[in-house]
Amino acid sequence: AIYRIVAIDARSQREGRDLQKLGFYDPIKNQTYLNIPVILYFLERGAQPTGIVQDISKRAGVFKELSSNHQTKFH
């Protein structure tokens, strides 16, 4: 199965409309595509990644791209 990585409004229902498609992850082929500039845009505005998306993003070095003075905390 290929998993889409999307940004959604946490205030909407789980099946709510995507705000933006950010990439995909294929665990069988071990392929990942992330639109890093768009991911950074959402993170810098307070988006909170799910645990799986955070792990995928860490492996891709996304958080290294955030400015050092950025105060967002990731749980």
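The values are calculated or read from the model by the stated rules, or taken from the named source; none is laboratory data. On a predicted model such as this, the values are computed, not experimentally measured, just so you know. Side chains are part of the model used for accessible areas, which takes the heavy atoms of the whole protein and leaves out ligands, DNA and RNA. Shrake-Rupley method; radii C 1.70, N 1.55, O 1.52, S 1.80 Å.
Which of the residues belonging to region 21-36 are polar (S, T, N, Q) and either open to solvent by less than 40 Å² (accessible area, probe 1.4 Å) or not in a loop (DSSP other than H, G, I, E, B) (or both)? Walk me through how you get there before you give the answer.
Of the residues in region 21-36, the ones polar (S, T, N, Q) are 30-32, 35.
Across region 21-36, the qualifying residues are Gln31, Thr32.
Among the residues of region 29-68, the one identified as β-branched (Val, Ile, Thr) and at pLDDT below 85 is Val62. Here's a check for you: in region 5-20, which residue that is in a loop (DSSP other than H, G, I, E, B) and not charged (D, E, K, R) is most open to solvent (accessible area, probe 1.4 Å)? In this case the residue turns out to be Gln13. For region 37-53, the set of residues classified as within 19 Å of Ile2 (Cα to Cα) and open to solvent by 50 Å² or more (accessible area, probe 1.4 Å) consists of Thr50, Ile52, listed by residue number.
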